[in-house]
Amino acid sequence: MSLSYKGPLLKLCFLPVLIILVVYLYSHYFTGEHSTNIGERPTSIGERPTNIDERTKTRTSFVSQNLGFSSFPQDVRNKFDEFARNKVHSRDPELIKFLKDVMRPPSGNKVLKYRSMIKTPQAEEIDNILKKKGGFFVEAGAYDGETASNTLFLEVERGWSGLLVEPDPYFYTQLVGKNRNVWSINACLSPFNYASKLYLQESNGQLGKLQADKSSKFVTEVPCFPFESLLLAIDRKTVDFFSLDVEGGEVPILKTIKFDEFDIKTLAVEYRHGKTEEYYEVMGKNNYNMSKILKIDKPELSLYVEDFIFVKK
């Protein structure tokens, strides 16, 4: 008797489960409520969103969580506003002390890499020129500390240390998560010889350009400090490699640097936003030779290189 009823009973019990499963699959794959378009993939760590609205919302969520420069207490932000308002000079002792307090020191932990190591063309040139271990770099426009980084190879493979400067709080937060054994700050290099406040402009999901006013709808307020202020705050006067990629502010920043006081051996400077003669003029009068002009376009590696390599005579 029991055998004759076993089949129908199992079918009866399984039927509701089957109905629920069919309803779930239909809603999940055909209504679009939870679907992902073919060819669409989540943004990976270190990859910036390509849609301006997505990127703006992402940044807003990060800032609202008090990450990036906004993580500092209100009294610290007020102090910076005072420095910017009064155009405090780069060597002001109070400004130097302020930077000593707010700069993030080396992590002391193993560097976390989320993709295979890429030796950028800039890093390769500097490695070939200096052939040095244990050097010191400064990278302005450090992005997320990994993607197309001009310094990560030198740090991991050659034992260098250095300073990373990144104005975008969204990318700086990712940079901090990489455990880079370097100094870092969520700020920009000032195009003046004093502390200043600039605005990071959004432009179609691309890396922003710094501007002096809030004329654009999508802007992020950024604290900016002179090159020498940051170096004095970490007691450095010798830099083996200075990577400068700040989307248009390269020449004004170079003009603020006292090359006779700071010994900078080599530089990689992005040139596509300025006039060639301006770079030649400012570097030539400061005793530098043009070593190489790099122009590389490799979208599969996220490498878009237009850099001058300068070497001190």
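No value in this document is a laboratory result; all are computed from the given coordinates. Values in this document were obtained by computation on a predicted structure and should not be read as measured data. Here the Cβ positions follow ideal geometry from the backbone for every residue, glycine too, while neighbour counts run over all protein chains shown.
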Exercise. How do Glu278, Glu247, Glu261, Glu270 line up, fewest other C-beta atoms within 10 Å first?
Worked result: Glu261, Glu278, Glu247, Glu270
Problem set entry | Projected label distance in nm at Asp263 and Lys298, using a 7 Å step from Cα toward the beta-carbon | 3.3
Exercise. Can you list the aspartates and glutamates whose alpha carbon is less than 20 Å from that of Lys295, not counting same-chain residues fewer than 8 positions off?
Worked result: Glu124, Glu125, Asp127, Glu139, Asp245, Glu247, Glu250, Glu270, Glu277, Glu278, Glu306, Asp307
For this session: Could you tell me which of the pairs Lys131/Lys275; Lys87/Lys258; Lys132/Lys255 are separated by over 22 angstrom between their Cα atoms in the structure shown?
Result: Lys131/Lys275; Lys132/Lys255
Exercise. Which ³J(HN,Hα) values, rounded to whole Hz and listed in residue order, are derived for segment 83-88 from phi using the Karplus coefficients 6.51, -1.76 and 1.60 in 6.51 cos²θ - 1.76 cosθ + 1.60 with θ = phi - 60°, glycine and proline given as x?
Worked result: 4, 5, 5, 8, 6, 4
For this session: Search the structure for amide H atoms under 5 Å from the amide H of Ser184, placed 1.01 Å from N in the peptide plane, and list their residues when 5 or more places away or on another chain.
Result: Arg104, Leu164
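Ranking Thr173, Thr151, Thr238, Thr266 by Cβ neighbours within 10 Å, fewest first, what do you get?
Thr238, Thr173, Thr266, Thr151
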